[in-house]
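The values are calculated or read from the model by the stated rules, or taken from the named source; none is laboratory data. Source: prediction; values computed, not measured. With ideal geometry, Cβ positions are generated from the backbone for all residues, glycine too; neighbour counts draw on all protein chains shown.
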Amino acid sequence: MKMRASLIAFLFCALATPSLFSQADAEFAKANQEFAQGHFKEAISGYEALIHSGQWSANVFYDLGNAYFRTGDFGRGILNYERALALERHHPEATANLQIARDEAHALEIQPSSLERYLQFANINQYSVAAATAFWLAIFAMFALILKRRRSARAIAVSICCLLVLVVAMYAIFTLERGTKGQALAVVTGNDVQARLATADTANSVLALPPGSEIKILSTRGDWIYAALPNNLRGWIPAKNAERVRL
Amino acid sequence: MSSEVETSREFTRGLCRGIESLASRTPSAALQPRLRSERRCEVGLNTLQRIFITAFALVAAAQFARADSPSVTAVLSNSETVVGGTLELQIKVTGPGDAQPPEEISVDGLEIHATGQSRQFEIHNFATSSSVTYNYTILPFRAGRFTIPPQTVRAGSKLLRTPELILNVADAPGSSAGARQSRGRQSQSVSAGDLLFAELIVPKKVAYVGEIVPVQIRMGFDPRVRPRLIEPPEITGQGFTAQKLQQSGQTSETINGRPYDVVTYKTAIAAARAGKFEVGPVKGKAQVIVPRARSAPRSRARSPFDLFDLDDPFSDPFFSNPFAQMGERREVDIKSEPVALEVKPLPPSAPPSFSGAIGNFVMTTDAKPKSVQVGDPITVTSAISGRGNFDRVNAPAIEDERGWHKYPPSSKFKQDDEVGISGTKTFETVLSPNEKKQAVPVLAFSYFDPAKEQYVTLRSESIAITVQGGAPATQNVAASQPASASPAPAVAAQSTQKPQDILYQLTDRPATVESFAPLYTRPVFWTVQLVPLLGLIGFAGWKIRRARIDNRERRRFAALQHETSELMHKLRRNAGSPQEYYAEASRVVRLKTALASGSGGIDPNVVDAETAADTFKLDADSRDQLRRLFEQSDEWQYSGAHNGPATISPESRREVLELIKNLK
């Protein structure tokens, strides 16, 4: 009985997935058409619908960013370019348009530390694969060392090298995840946003944040978020005025 | 600052001089005959000792007499001041006994009030001295040169005179002549039978609209009424704003012969419009304890406080013995007199960067970092410090914003006093260069100086910076654009260049859905880890199985070898019957064959002569010998008898042993 239910579910998925993809393709094409005709708000609705249905891809976010840019919403434009780059690190169009949008909005960026800059030669996924490979190689080498009667220098060297690679990869993952482009990265989407010293609109201002400025969310309290700001500052900003890059 | 100090030592001056001259002359007079006698002959030591002792006693007596003589000094805290500026006069009476200072010092144009006294004791070189300092506050009404005449002070039975003091009073900056006449600095009213008073001190008579004027409020209470302030003082009046009152201290003073606990409050006011105002009065409410009213005629003894029978309420015995009769708790209003203040409008033609700041300020500026790329932020920090209305001090204005993008500044204020009139306000402005620049733009801050009665504009010094190139990504975009646009001829053209357009839409969409989640958080990543895990488990199982098999073989070999060596030992001893001997010999051959087969795993029980001969690759003779050995062994084992002799000859044994030894 159970087997039969599983089989039915599998068949349903196998049949439904292509139709879902074809539907998403149609929506994407329609949104692109709206954009080409200058109906940017309709295009935004189309792209947003795709994203809400979980059809995430760097190109969809890039196109959505373009649509927001055309409506003058530089904050959301930059946010979606950042999302496109978060999905696909080397997305040349998104990189170029992000810079243009930042120049237009005078958005502020958080400068990564020099260590983070060095570690960014690979992304988190690549470090994850490297860490997993190094881990298993080290395990196999150590296992062979244990079972063999004679200690092999080659096996010892392989174990040490693999463990070193594992440690470096894990440290890189940890640093990048908590770095300027990590999971806490958010983009200011509101206009005239002021980072303040306390969770009150009347509190003293720390920094004025143009739309599209990068912040790093440190904690959340009610409708306010405490964030690391550009220029090594910290302050509170209303939660409604910023969105995380990673969905 | 200069002060005039004159010392009067009338009582002992002549005596001191006489004793000092005697003390200084006597030893030398005594030494002359001694020196002469040394040259000539001998003089008795007793005479010299007597002279020294006498001199020492005289010096000590002189010192004691000098310490004991009363003296008086008078000193001004400053010999120069301005109209409305307060200063202090101290009359110090040194010597034993009580002194009676002048109750009132009257000088035309000066208001002099006694504010209290303090007593000091000193011990110096075994000589004790005591002194009493009487403090007076002097408030000049008008400018000019004033002479405070010598004052008579009674010290014990002596009458001493203070020196004459000179005070120069200049015009207060910003005050008009007419204003000086009326001197609206303070007012005082004594209420509730002189038990408490309130005093409003406004140092300036004339101010400008928005100018911060410090104000001092003094509230005095007779400590005997055990006062309790139930409503803090409040400055009433219209046309000005007052900052929150800050209590700055509490002192004990004697005013007109009465002791008072004086609490001082500080605040600042700022006029909102031009015109003539009355600041105050200051109002407050306190609770005091006063003696109950008596219906009976006065029959009590006079209080020690009521020396002159002035019907002092404290002459009531309640204050000498509070438990004799219960006092009455009363609420009393405290009120000062208002003070006139003339407020003038600010002069016209204010500079563009003037934001309403009035006072006296200085500005320092810094910028970080000094080396940036085009578009990078530079934080310019401007600190404006001084004295004035900091609530109207805004961020300095940028004189030339061309080529810069300016973000709204942030500010913080650090005050240096209780009321926030003086301090430092720091602004942080983020500037972003749109093009190559050599220096941070000049920042200008303007304020109105009420002392100079003119606007002052402060400008920041040039801060050199290095701005490099354009944004790299922007250049990439420019390169990716169609080559129709002509190359920018100069940097100047860059700033006027039309903003670059974004790139085209992308119409292809990948078939797979991408995820923001890092790979290590996805289930597929951990599922894939099962493959090496299973491989590891398989590898481990195979290794363990191999080890077990190897172990079993090893034990079998060991057992075979052990049995072989034991049988060989028996064969060499030649102790057994022929049946046993041949059985053991054939068994050894079988064991050796099994051992020689190695990993072939031949069971020794199934080994026959041919197998053994093949295993050891024996020649024909050895093969025959081996065959015979197996046949004899079988015969002895299965027939139970043998055709030959019952014993084995030594030659046969040697042959068998040789054969077995050669099996290698």
### Query
What number goes with the only condition from (1) touching a residue at least 40 places away in the same chain (Cβ under 8 Å); (2) in a helix (DSSP H, G or I); (3) surrounded by 17 or more Cβ atoms within 10 Å (Cβ to Cβ) that residue A:115 does not pass?
(3)
### Any hit, the stretch B:518-539, residues being touching a Ser or Thr at 6+ places or on another chain (Cβ under 6 Å) and within 11 Å of chain A (Cβ to nearest Cβ)
yes
### Task
Evaluate the stretch B:338-360: report whether one residue or more is in contact with an Asp or Glu (Cβ under 9 Å, 6 or more places away or on another chain) and under 22 Å from residue A:107 (Cα atoms).
no
### Message
Restricting to the stretch B:419-445, count the residues that are crowded, with 18+ Cβ neighbours inside 10 Å, away from chain A (no Cβ under 14 Å) and more than 18 Å from residue B:358 (Cα to Cα).
### Response
4
### Message
residue A:106 - would you say it is in contact with a strand residue (DSSP E or B) (Cβ under 8 Å, 6 or more places away or on another chain), within 11 Å of chain B (Cβ to nearest Cβ) and farther than 20 Å from residue A:184 by Cβ?
### Response
yes
### Query
If you scan the stretch B:606-626, which residues turn out to be surrounded by fewer than 16 Cβ atoms within 10 Å (Cβ to Cβ) and either in a helix (DSSP H, G or I) or of a type in the set (A, V, I, L, M, F, W, C) (or both)?
B:606, B:610, B:614, B:620, B:621, B:624
### Task
Inspect all residues belonging to the stretch A:121-142 and state whether any of them is touching a residue at least 40 places away in the same chain (Cβ under 8 Å) and more than 10 Å from chain B (Cβ to nearest Cβ).
yes
### Task
Can you tell me which residue among A:190, A:182, A:235, A:212 is within 12 Å of another protein chain (Cβ to nearest Cβ) and under 22 Å from residue A:80 (Cα atoms)?
A:182
#### Entry: Failed criterion for residue B:248 (all others in (1) in a strand (DSSP E or B); (2) within 21 Å of residue B:356 (Cα to Cα); (3) of a type in the set (S, T, N, Q); (4) at pLDDT below 80 hold)
(2)
### Query
Before we move on, is residue A:175 away from chain B (no Cβ under 14 Å) and either within 17 Å of the chain's Cα centre (by Cα) or acidic (Asp, Glu) (or both)?
no
#### Entry: Whichever residue in the stretch B:382-412 is closer than 29 Å to residue A:101 by Cβ and assigned to a strand (DSSP E or B) and, among such residues, is farthest from the other protein chains (Cβ to nearest Cβ)
B:398
### Task
Check whether at least one residue in the stretch B:323-333 is surrounded by 14 or more Cβ atoms within 10 Å (Cβ to Cβ), more than 30 Å from residue B:449 (Cα to Cα) and at pLDDT below 80, and report yes or no.
yes
### Query
Hey, among the residues in the stretch A:81-100 that are more than 7 Å from every other protein chain (Cβ to nearest Cβ) and out of contact with any Leu (no Cβ under 8 Å at 6 or more places or on another chain), which one's farthest from residue B:404 (Cα to Cα)?
A:88
### Query
List pairs: first in the stretch A:229-244 and free of Cβ contacts under 8 Å to residues at least 24 places away in the same chain, second among the β-branched types (Val, Ile, Thr), Cβ under 7 Å, 6+ apart or cross-chain?
A:239/A:220; A:239/A:225
### Message
Given the options B:517, B:483, name the one that is at pLDDT below 90, out of contact with any strand residue (DSSP E or B) (no Cβ under 9 Å at 6 or more places or on another chain) and within 30 Å of residue A:174 (Cβ to Cβ).
### Response
B:517
